[in-house]
Amino acid sequence: MRKIDTFNGKLTDCPTTVIVNSSNTDIALGSGVSSDIRIACGGINFQTELTEIRERLEGEILPQGQVAVSGGGTSSYRWIFHAAVMDFRKSHATSYPVVRTCMLNVLKAADELIAEEDLEEFSIGVPLFGSNVGRLSVDESCNAICEAIKAHFPRHRGSRISAILFAHPDYEVCGKIKMILSNHFVLQ
């Protein structure tokens, strides 16, 4: 059975195979969770890797809703997923549909990586996409991510994604997330 739960702590401490950066179309590591990821993964050298990934993309941006995969830099993670939640060229806010699309693409990228690397087990640590800078509430972000999870797995029954942990450093927010998760899933 797949584990869907919370992790009370920094995303960069999440005990998962990969973590997801709630990023922007430039894949620029700014503040908040992105700043933590930049620091954990090697600072400027890691941002340089992301800039090189972005420059190889058509139009030199990661389209909003899409996901790029990088190495883990100096972190303990082999890979970091970067979900283009924000497009600052259009707005300083994101939307429920964009968050849902990002999570669907995270799950798709995870299944592809699992197949390419022939991994037996794979777990994902996610933040609340767009819940701070993106102006979504905790409820909106969490529900959009949950909808994506519920849409993905019935169509991908053979997925080897073993766990998805919603990471947040605030104990009370984790409690709120857990309550929302219990409305969508049977928690272990």
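Could you please let me know if Ala163 is farther than 18 Å from Ala68 by Cα, in contact with a strand residue (DSSP E or B) (Cβ under 6 Å, 6 or more places away or on another chain) and at pLDDT 95 or above?
yes
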Among the residues of the range 136-144, are any within 27 Å of Ser76 (Cα to Cα) and surrounded by fewer than 22 Cβ atoms within 10 Å (Cβ to Cβ)? no
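Yes/no matrix, rows are residues, columns are (1) in a helix (DSSP H, G or I); (2) under 22 Å from Ala151 (Cβ atoms); (3) at pLDDT below 95; (4) touching a strand residue (DSSP E or B) at 6+ places or on another chain (Cβ under 8 Å):
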{"position": "Phe7", "(1), (2), (3), (4)": "no, no, no, yes"}
{"position": "Ala83", "(1), (2), (3), (4)": "no, yes, no, yes"}
{"position": "Thr101", "(1), (2), (3), (4)": "yes, yes, no, no"}
{"position": "Leu113", "(1), (2), (3), (4)": "yes, yes, no, yes"}
Matching residues in the range 64-81 - criterion: being surrounded by 15 or more Cβ atoms within 10 Å (Cβ to Cβ), outside any strand (DSSP E or B) and at negative phi: Gln64, Gln66, Gly72, Ser75, Tyr77
Unique residue being under 24 Å from Pro97 (Cβ atoms), surrounded by 16 or more Cβ atoms within 10 Å (Cβ to Cβ), of a type in the set (A, V, I, L, M) and touching a Gly at 6+ places or on another chain (Cβ under 7 Å) when the list is Leu165, Leu128, Leu181: Leu165
Test: residue in the range 133-146 that is at pLDDT 95 or above and under 17 Å from Thr25 (Cβ atoms): no
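The values are calculated or read from the model by the stated rules, or taken from the named source; none is laboratory data. These numbers come from a predicted model, not from an experiment. Here Cβ is always computed from backbone atoms with ideal geometry, including for glycine, and neighbour counts include all displayed protein chains.
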